[in-house]
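S.K.: Take this structure, written in structure tokens, and hold onto it; I'll ask about it next.
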Amino acid sequence: MHPEQVFSLANSVALAGWILLIFGGRARWTANLVCGLIVPVLLASLYAWLILAHWGETAGSFGTLAGVTALFSNPWLLVAGWVHYLTFDLFIGCWELRDARQRGIPHLIAVPCLLLTFLFGPAGLLLYLAVRFAATRTAALQPDPGLGL
């Protein structure tokens, strides 16, 4: 398999997860299935395989920008980095969805946050946290004891 094919496959899996979150987010199984098991395990397994199979093929490090550039000059490690983003952005989107449901934030209000998280990760999280604060007047990230969590 070529890195481009792996890239396309990972994008398709992540996109399927995001579509389920955005359009099927009201269903409890969506958060449990997408966030709890199937999609994260698939993407994390792909990431682990890419790292195990290709780590050390290219000189580089995480200590400097030049080192990261050297690591990502290897297309396999670049795909691994992309899968890392896909996995964690989706994980954050799943957290946003579950948290919004637990706090009574309507799904339609969470959708723009999910879309921004899908496209620009941390910016979407920032928007969700602002929406969450506006809706609940709390900045605490731990579960609300009144929610029975």
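We did not get these values from a lab; they are worked out from the coordinates using the rules stated. Here the structure is a predicted model, which means the values were calculated and not measured. A quick note on method: Cβ atoms are made from the backbone with ideal geometry, for glycine too, and the neighbour counts reach across all protein chains shown.
S.K.: Tally Lys and Arg at +1 and Asp and Glu at -1 over the other residues with C-beta under 14 Å from the C-beta of Tyr128: what net charge comes out?
M.R.: Neighbourhood net charge equals +1.
S.K.: Sticking with this structure for a sec: Give the residue from Trp49, Ser8, Leu119 lying farthest towards the positive end of the charge dipole for segment 3-134; charges sit on Cβ (+1 for Lys and Arg, -1 for Asp and Glu) and the dipole is referred to the Cα centre.
M.R.: Projecting each Cα onto the dipole axis, the largest value belongs to Leu119.
S.K.: Volume per residue, Å³, of the convex hull around the alpha-carbon atoms of segment 3-134? Before the final figure, lay out each step's value.
M.R.: Numbers: hull volume 13.6 nm³, N = 132.
In segment 3-134, the Cα convex hull volume per residue is 103 Å³.
S.K.: Ranking request for peptides 83-89, 47-53, 28-34: highest mean number of other beta-carbon atoms within 10 Å first, then the rest in descending order.
M.R.: On the way: 83-89: 19.6, 47-53: 14.6, 28-34: 16.1.
Peptide ranking by packing, descending: 83-89, 28-34, 47-53.
S.K.: Calculate the spin-label point distance for Phe7 paired with Val111, positioning each point 7 Å from the Cα along the beta-carbon direction, and give it in nanometres.
M.R.: Once both label points are built, they end up 3.1 nm from each other.
S.K.: Size of the dipole of segment 3-134 about the Cα centre, Lys and Arg at +1 and Asp and Glu at -1 on the beta carbon, nothing else charged, in debye to 20? Before the final figure, lay out each step's value.
M.R.: On the way: 6 positive and 5 negative charges, 121 e Å.
Dipole about the Cα centre, nearest 20: 580 debye.
S.K.: Under the rule that a partner needs its Cβ under 4.7 Å from the first Cβ, which Cys of the chain have none?
M.R.: When partners are defined as cysteine Cβ atoms under 4.7 Å apart, the chain leaves Cys113 without one.
S.K.: Over the chain, what is the mean sequence separation of C-alpha contacts under 8 Å (at least six apart), divided by residue count, expressed as relative contact order in percent? Spell out each step's value before the answer.
M.R.: Values: 143 pairs, mean separation 31.9, N = 149.
21 percent.
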